[in-house]
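A short reminder: the numbers here are calculations on the coordinates, not readings from a lab. On a predicted model such as this, the values are computed, not experimentally measured, just so you know. As a convention, Cβ positions derive from the backbone with ideal geometry for all residues, glycine included, and neighbour counts pool all protein chains shown.
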Amino acid sequence: MKKILCLILISFLFNGLLFARISKDERQALIDLYHSTNGADWKNSWDIDSNCKNWHGIKVVNDQVVEINLFHNNLSGTLPESISNLVHLRKLNLAFNAISGQLPNGLGRLKELKVLKLEMNRLKGSIPNSIGLMANLEELSVFNNFLSGSIPNSIGNLKNLKTLNLSSNNLRGAIPKSLGNLTQLESLGLFENGLYGDIPNEIGNLTKLKELVLANNRFGGEIPAEFGQLASLEIFQIQNNDFNSFENLGMMDTKRFLVFDYDKDDANMDFKDINFSKTRMADTKFEDDED
């Protein structure tokens with residue numbers, strides 16, 4: 001009997017050592033994610049009684065959870081608020097699933113996060129203002145959801161952002177001028193929302209921008225002359241809006257463009273022999289993978 005008790009005690013201590021390396025809050029946050037998104041039905045499920053270092057899509061470095069990659073893994077349900085306890089995360093990829101509900105307000109606590117990929121889900125509600133607290137974020141991709149409300153001004157605080165894709169949602173309102181602060185931005189996708197108003201001149205500050213996709217909204221006014229400052233731009237799509245003047249497009253050096261789509265055929269404008277056969281309708285072309 002004493003031997004059995006000793007074995008039970010050793011087993012308990014051994015399991016305790018396995019799990020103690022990752023904080024209790026982090027482990028519980030992972031378990032909450034599993035239960036909240038119907039983990040038993042995932043393509044690659046977890047044995048939540050085992051060491052979480054061995055769970056599919058989880059990366060642990062120095063006893064901290066730094067990556068969750070559950071891309072295309074049949075997640076459904078909602079994101080738990082406790083996901084904000086994974087404060088060491090650098091990458092969170094839950095794209096191409098069926099996650100519904102709203103984005104947790106506590107997302108802003110993930111201040112070490114560099115990549116947030118939630119595209120191709122069923123998320124609704126507004127983008128929380130706390131998103132602006134994620135100062136290290138380099139990629140924010142939530143296209144093809146049901147997000148509503150306006151683009152929060154706080155996004156302009158994400159000074160390291162290189163990719164911002166909010167396309168194919170139900171966003172409304174104007175582009176905040178604060179987006180002009182994102183001087184490292186290389187790709188901006190706002191395609192197919194209900195955005196309206198004039199394009200802010202501050203967009204001209206985004207001199208590293210290679211892709212600008214604003215098609216299928218209700219933007220009006222004239223094309224900002226500051227678009228001429230976007231010297232790195234290669235993909236430019238603004239069709240299916242309500243602009244009343246395209247005159248300033250003539251200030252853009254269109255020889256470098258791979259895609260140049262707009263509505264108006266103005267014979268008086270000189271586009272420097274751009275090959276319009278290369279152009280195409282705007283689409284959400286930011287593809288994902290399992291890397």
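For the reader, a short list of remarks on this structure follows.
- Summarising the label geometry, the points placed 7 Å from Cα in the beta-carbon direction at SER148 and LYS59 lie 3.7 nm from one another.
- Per-pair calculated FRET efficiency, R0 = 30 Å: LYS111 and ASP47 via Cβ, rounded to 0.05: 0.50
- For the range 35-183, the Cβ-based charge dipole about the Cα centre amounts to some 500 debye (Lys, Arg positive; Asp, Glu negative; other atoms uncharged).
- Cα-only Debye scattering, the range 19-278: base-10 log of I(q)/I(0) at q = 0.08, 0.09, 0.13, 0.14 Å⁻¹: -0.37, -0.45, -0.83, -0.92
- Listed residue (SER36, ALA231, ASN165) projecting farthest to the positive dipole end of the range 19-278, Cβ model: SER36
- Computed about the Cα centre, the dipole magnitude for the range 19-278 is approximately 880 debye when only Lys and Arg (+1) and Asp and Glu (-1) carry charge, each at its Cβ.
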